[in-house]
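Enquirer: Here it is: the structure, laid out below.
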Amino acid sequence: MDPRRKKLLYQSQHCGMKENDFMLGGYAEVHIEDMTVDDLDAFERLLEDNDNDIYTWITGREPLPQRHDNAFMAALIAFNN
């Protein structure tokens, strides 16, 4: 696995909130090798946000901000629902 994917996999499994570790880490474990460069960019941007915000966006408790309205996020949300 290339270093970028390896780093994202680790970060997604060690977010800070266990719920996010399961949602993000579970998705990454299955899909990290197949993700496009655009997906990897979107994933990195997402991981810069607050854990609580990420959780509420994935679970649909809060609307997804425009900056995260992309194919990666749609796939991540579908994977966790």
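Values in this text are rule-based calculations from the coordinates and carry no lab data. If you're wondering where the values come from, they're calculated on a predicted model, not measured in any experiment. So basically every Cβ, Gly included, is an ideal-geometry build from the backbone, and we count neighbours across all protein chains shown.
Enquirer: Would you tally the residues in region 56-69 being of a type outside the set (Lys, Arg) and either in a helix (DSSP H, G or I) or touching a helix residue (DSSP H, G or I) at 6+ places or on another chain (Cβ under 7 Å) (or both)? Even if it seems obvious, please write down each step before you answer.
Expert: Just the residues of region 56-69 that are of a type outside the set (Lys, Arg), to begin with: 56-60, 62-66, 68-69.
From what is left, the residues that are either in a helix (DSSP H, G or I) or touching a helix residue (DSSP H, G or I) at 6+ places or on another chain (Cβ under 7 Å) (or both) are 56-59, 62, 64, 66, 68.
Going through region 56-69 one residue at a time, the tally reaches 8.
Enquirer: Still on this structure: Name the residue that is surrounded by the most Cβ atoms within 10 Å (Cβ to Cβ), counting only residues in region 9-59 that are among the hydroxyl-bearing types (Ser, Thr, Tyr) and farther than 18 Å from ALA71 by Cβ. Steps first, answer last, please.
Expert: Step one: filter region 9-59 for residues among the hydroxyl-bearing types (Ser, Thr, Tyr), giving 10, 12, 27, 36, 55-56, 59.
So of that shortlist, the ones also farther than 18 Å from ALA71 by Cβ come out as 10, 55-56, 59.
Working: TYR10: 11, TYR55: 17, THR56: 14, THR59: 13.
For region 9-59, the residue satisfying everything is TYR55.
Enquirer: Step by step: first the residues of region 1-15, then only those that are closer than 13 Å to GLU48 by Cα and of a type in the set (S, T, N, Q), then the one that is nearest to the chain's Cα centre (by Cα). Which residue is that?
Expert: The residue in question is SER12.
Enquirer: Pull out all pairs, ordered by first then second residue, where Cβ-Cβ is under 7 Å, the residues are six or more apart or on different chains, the first lies in region 59-81 and is on the phi < 0 side of the Ramachandran plot, and the second is assigned to a helix (DSSP H, G or I) and among the acidic types (Asp, Glu).
Expert: Note: pairs meeting the criteria are PHE72/ASP39.
Enquirer: So which residues in region 70-81 are surrounded by 11 or more Cβ atoms within 10 Å (Cβ to Cβ) and outside any helix (DSSP H, G or I), if there are any at all?
Expert: Within region 70-81, the first condition is being surrounded by 11 or more Cβ atoms within 10 Å (Cβ to Cβ), and the residues that meet it are 70-77, 79-80.
Matches in region 70-81: ASN70, ASN80.
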